[in-house]
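Remarks on the structure that follows.
Read-outs: derived from the displayed coordinates by stated rules, not from any lab. Just so we're clear, the structure is a prediction, and the values are computed from it rather than from any experiment. In this analysis, Cβ positions are derived from the backbone assuming ideal geometry, glycine residues included, and neighbour counts consider all displayed protein chains.
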């Protein structure tokens, strides 16, 4: 059976988000903020529900959600540090 580890998910997502940032900063910023927010919300709700009523959800699900939140956030910070840009500069034409 084929399984993907959380570190592999993280690296694949980093490549995708970095590609978006390099293609267009505005698109990269929007996708990073939206997807990081969605994955963080799902992770928080899942943890709350798991504390209220334990289920048989494997721990790898929570690790996968955590790295899915961290990948766009870290790529955004990395891109801003490397390119020396400010977030407000993305919105200027």
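Side notes on the structure shown:
- Of all residues in the range 19-30 being surrounded by fewer than 18 Cβ atoms within 10 Å (Cβ to Cβ) and touching a helix residue (DSSP H, G or I) at 6+ places or on another chain (Cβ under 7 Å), the one that is nearest to residue 84 (Cα to Cα): 26
- Single residue of the range 18-29 satisfying the filter (more than 12 Å from the chain's Cα centre (by Cα) and not in a loop (DSSP other than H, G, I, E, B)) that is farthest from residue 76 (Cα to Cα): 23
- Pairing residues of the range 17-42 that are without any contact (Cβ under 8 Å) to a residue 12 or more places away in the chain with residues that are assigned to a helix (DSSP H, G or I) and surrounded by 13 or more Cβ atoms within 10 Å (Cβ to Cβ), at Cβ distances under 6 Å and at least 6 apart in sequence or on separate chains, gives 27/20.
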